[in-house]
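Encoded as structure tokens, the structure appears first; notes follow it.
No lab work stands behind these numbers, since they all come straight from the coordinates. Everything quoted here is computed from the prediction, not taken from an experiment. Cβ coordinates were reconstructed from backbone atoms using ideal geometry, including for glycine residues, and neighbour counts include every protein chain displayed.
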Amino acid sequence: MTETNKICRRCLAREMPSADYFQTMYDYISQLDSDIKTPDALYEQRLACCKECDSLLNGMCRICGCFVEMRAAISQNHCPGVHPKW
Ligand code: SF4
């Protein structure tokens, strides 16, 4: 198994060896209009919740299939869990 093929529970995409692969997503997040973008402090709170969640796998939420860094970046989005964590 190569370094890039490792499965990482509780990892965000930005923490994975293949982080460069996600640069387009980070560019998109950074260019979101402030009207829809989650404030930085709340964004980090959301991601901290995801990092404690059993549904996080390789940066992706196993409930909705979203990359959590993308989902959390839109302020009106919410955690898709039965008992939403954010
Ligand atoms: S269920 Fe909610 S807290 Fe858990 S990974 Fe998905 S979005 Fe994050």
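Here are some notes:
- Shape call, the chain: gyration tensor on alpha carbons, a/c limit 1.5: oblate
- Rounded, prolate or oblate (a/c below 1.5 giving rounded, otherwise prolate when a/b exceeds b/c) for the stretch 10-53 by Cα gyration tensor: oblate
- Among the GluC sites (Glu not before Pro) within the stretch 1-69, those in coil by DSSP and having at most 11 neighbouring Cβ atoms inside 10 Å are Glu52.
- Cα gyration tensor shape for the stretch 47-86, rounded if a/c is under 1.5, else prolate or oblate: rounded
- Projecting the Cα positions of Gly59, Thr38, Gln76 onto the charge dipole of the chain (unit charges on Cβ atoms of Lys, Arg, Asp and Glu, taken about the Cα centre) puts Gly59 furthest along the positive direction.
- Among Leu32, Leu47, Leu12: highest mean-square fluctuation, GNM of the chain, C-alpha pairs under 10 Å: Leu32
- 5 angstrom amide H check on Ile74, placed H, neighbours 5+ away: Thr38
- Fully extending the segment from Asn58 to Cys8 would add 17.5 nm, taking 0.36 nm per residue of separation and subtracting the current Cα-Cα distance.
- Length released on extending from Gln23 to Leu42, taking residue separation times 0.36 nm less the Cα-Cα span: 4.7 nm
- Its Cα centre serving as origin, the stretch 1-72 has a Cβ charge dipole (Lys and Arg +1, Asp and Glu -1) of approximately 340 debye.
- Of the peptides 74-81, 24-31, the order by per-residue mean of other Cβ atoms within 10 Å, starting with the highest, comes out as 74-81, 24-31.
- Vicinal HN-Hα couplings computed from phi for the stretch 18-25 (Karplus, 6.51 cos²θ - 1.76 cosθ + 1.60; Hz; Gly/Pro x): 8, 4, 4, 4, 8, 4, 4, 5
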